[in-house]
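Novice: Here you go, one structure.
Values quoted throughout were computed directly from the atomic coordinates according to the rules given, and no laboratory measurement underlies them. All values derive from a computational prediction rather than experimental measurement. Don't worry about glycine lacking a Cβ; one is built from the backbone with ideal geometry, like all the others, and counts go over all protein chains shown.
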Amino acid sequence: MKSVTTRSATMLMMLSVIMLTACSTNNSTQQVANEQPPEANKAITITTSQGTQTLSPTVVTYDPETFEDPLEFINRPIFAFNDVLYRYVMIPVSKGYTAVIPDPVQTGIGNFFSNIREPLNLINHALQGEGKKSGTNLSRFLINSTIGLLGLFDPAEAWFDIEEDTATIGDTLESYQVGYGNYLVLPILGQSDFRNAFSTIGESILSPVRVISDAPQTAYLQGLDGFNEFAPSAPSYEELQAQSDDPYTFFRNLYLQSLKRDADFQSAPQQLSPSPANVKGKHSNKNKVNENQAKQDDEQEQ
């Protein structure tokens with residue numbers, strides 16, 4: 001376990017150094033090539049075990065736009081490695097996983113890991129000054145850990161209407177006006193940014209899973225958690241990747257524009273294209289965007 005923790009701490013330290021260096025020299029920009037939009041901006045309908053999703057490539061602006069991407073020389077090779085890994089290993093395995101594992105089992109696995117991270121949600125909300133939300137996290141944890149059979153079920157929401165409200169280290173940093181830094185592609189985990197990468201690795205080190213397991217079981221459990229979240233949306237990567245002559249630019253633009261949009265709503269970054277790096281917090285981010293959109297609509301009506 002010490003070796004796993006040491007490697008994780010080393011990765012965290014390296015990312016911190018890169019963040020400080022790149023933020024201080026972040027003057028280079030790249031002009032996006034004249035990339036053609038997907039055919040007729042056609043919406044894609046994908047059927048998975050979680051239902052039917054409609055994906056529209058038009059969320060990406062294809063007008064020439066300048067993005068800061070000083071680490072492209074590092075990001076592109078990592079993206080190319082991930083692309084091969086996704087298409088030839090993770091996506092086929094994901095399809096087999098969703099075909100073989102019944103939906104209730106997948107839901108139960110997701111509930112278990114969502115429940116076990118509630119203490120992290122509580123701490124992050126407390127650091128953000130969100131005492132009421134911290135109370136919500138505590139209530140969910142107590143109810144689901146007991147009545148919900150160690151979190152396999154979610155009676156907190158089903159019976160008491162206490163909805164999940166995830167808060168990550170990245171959300172906490174953002175609440176203190178810490179910017180996302182630069183675009184970054186992580187091996188296996190995919191597209192990210194400095195703030196989100198720091199959050200992902202930091203939460204891996206601080207994960208409550210470490211309390212209930214030792215190495216190497218901890219790594220197996222964390223891998224199962226990430227894969228269970230990634231599997232249902234995996235086919236959408238294939239569909240989107242096939243529609244661009246330059247998948248790196250496509251996914252980068254998709255990610256960075258999502259950061260811009262969410263910044264307008266003062267909410268945490270969302271992972272709009274499938275990538276395991278930021279699977280946590282998707283429910284809370286969705287709620288935040290919906291809340292802010294509702295407020296904006298009310299203001300317009302007034």
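Novice: Cβ under 12 Å from GLY135's Cβ, GLY135 left aside: what net charge do those residues give with Lys, Arg +1 and Asp, Glu -1?
Specialist: Taking every other residue near GLY135 into account, the sum is 0.
Novice: Between SER213 and ARG87, what FRET efficiency follows from the Cβ-Cβ distance if R0 is 51 Å, with the result rounded to 0.05?
Specialist: Rounded to the nearest 0.05, the efficiency is 0.95.
Novice: Answer rounded, prolate or oblate for the range 139-213, using the Cα gyration tensor with square roots of eigenvalues a ≥ b ≥ c: rounded when a/c is under 1.5, else prolate when a/b is larger than b/c, else oblate.
Specialist: prolate
Novice: Also: According to a simple spin-label model (label point 7 Å from Cα along Cα-to-Cβ), what is the distance in nm between GLU239 and ALA126?
Specialist: Calculated label separation equals 4.2 nm.
Novice: In nm, give the distance between the simple-model label positions of VAL105 and PHE73, each being 7 Å from the Cα along the Cα-to-Cβ direction.
Specialist: 4.8
Novice: Which order, highest average first, do 103-116, 126-139, 190-203, 249-262 follow once you tally other Cβ atoms within 10 Å for each residue and take the mean per peptide?
Specialist: Ranked by mean Cβ neighbours within 10 Å, highest first: 190-203, 249-262, 103-116, 126-139.
Novice: While we're here: Place a +1 charge on the Cβ of each Lys and Arg in the range 62-146 and a -1 charge on the Cβ of each Asp and Glu, then give the dipole magnitude about the Cα centre in debye, rounded to the nearest 20.
Specialist: 560
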